[in-house]
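Written out below as structure tokens is the structure these notes cover.
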Amino acid sequence: MVRSQGVRLLLAGFVLLVGLGIAVATGAVRAGKPAPAPTAPPLPPLGTAADGVFSGSGVTFDYPQTWRTLPQPAAPEQGPGPVGRIVLGTGTGTDRVLVEAFRLAAPITDSTKAVFLAQVSQEVSAFASAEQGTLRSKVTATTLGSLPAYTARAEWPGPGGVTMVGRFYFAYQGYAVYEVSCQRATTAPAEIDAGCDQIVTTFRAS
């Protein structure tokens, strides 16, 4: 990826900028184009991850015990951003999972979730196009743990000509939005997808 903060999603009516997550994970750059130098300090960690269990900011989930926390990317230069984030992975290559939490100015309800869906769809498409990639699936309804969510998949050129594959999850609950972004090279071991699945299925928010 070439943008230090990735594509930002402006949720009209919710006053929130949500990053897609892939570009903010350190090392996720398109071949031949280095990421810009960070201009802001890292955000506070979302919580504590140890021995395969994450807990913090009202969020809990499990992840592979062999994974570790990875360096935090820089905070947004301006505008609202996540209240916290954590990056997890094996520490090898650009394969990793980024989890972020955002605080909304107004809650997402049954009458406004169509706006949320429409803008997620628009920005995921814009992200794929900007990275000279393609959508592998349109944005569809799903769950992140027990929370209602939307998900999409995309792929784009990665370092050294390896294709990168991303899975994006955007969950909402009242005044909160939670984003889980999983990225891996197509040559990555199966444990990367399995670890993403573990986080997605065990995700809980109070």
For this session: Please enumerate the residues belonging to segment 181-193 that are touching a strand residue (DSSP E or B) at 6+ places or on another chain (Cβ under 9 Å) and farther than 12 Å from LEU88 by Cβ.
Result: ARG184, ALA185, THR186, THR187, ALA188, ASP193
Exercise. Among the residues of segment 120-152, how many are among the basic types (Lys, Arg) and either outside any strand (DSSP E or B) or at pLDDT below 90 (or both)?
Worked result: 1
Exercise. Which condition breaks for GLY160 when tested against (1) touching a residue at least 24 places away in the same chain (Cβ under 8 Å); (2) in a strand (DSSP E or B)?
Worked result: (2)
Problem set entry | Every residue from segment 190-204 that is surrounded by fewer than 21 Cβ atoms within 10 Å (Cβ to Cβ) and closer than 15 Å to PHE54 by Cα | ASP197, GLN198, THR201, THR202, ARG204
Exercise. Yes or no: CYS196 assigned to a helix (DSSP H, G or I), touching a strand residue (DSSP E or B) at 6+ places or on another chain (Cβ under 8 Å), modelled with pLDDT of 90 or more and hydrophobic (A, V, I, L, M, F, W, C)?
Worked result: yes
Problem set entry | Pairs with Cβ under 8 Å, 6+ apart, first in segment 97-115 and more than 30 Å from LEU70 (Cα to Cα), second of a type in the set (Ser, Thr, Tyr) | ALA106/THR112; ALA106/TYR175; PRO107/TYR175; ILE108/TYR172; LYS113/TYR172
For this session: Look at LEU117 and say whether it is modelled with pLDDT of 90 or more, surrounded by fewer than 18 Cβ atoms within 10 Å (Cβ to Cβ) and not hydroxyl-bearing (Ser, Thr, Tyr).
Result: yes
For this session: Considering each residue of segment 166-192, count those that are free of Cβ contacts under 8 Å to residues at least 60 places away in the same chain and closer than 10 Å to GLU100 by Cα, and give that number.
Result: 0
For this session: Looking only at segment 155-190, count how many residues are within 16 Å of GLU123 (Cβ to Cβ) and among the acidic types (Asp, Glu).
Result: 1
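The values are calculated or read from the model by the stated rules, or taken from the named source; none is laboratory data. Small disclaimer: the values here were computed from a predicted structure and weren't measured. Counting neighbours? That spans all protein chains shown, and the Cβs are built from the backbone with ideal geometry, glycine included.
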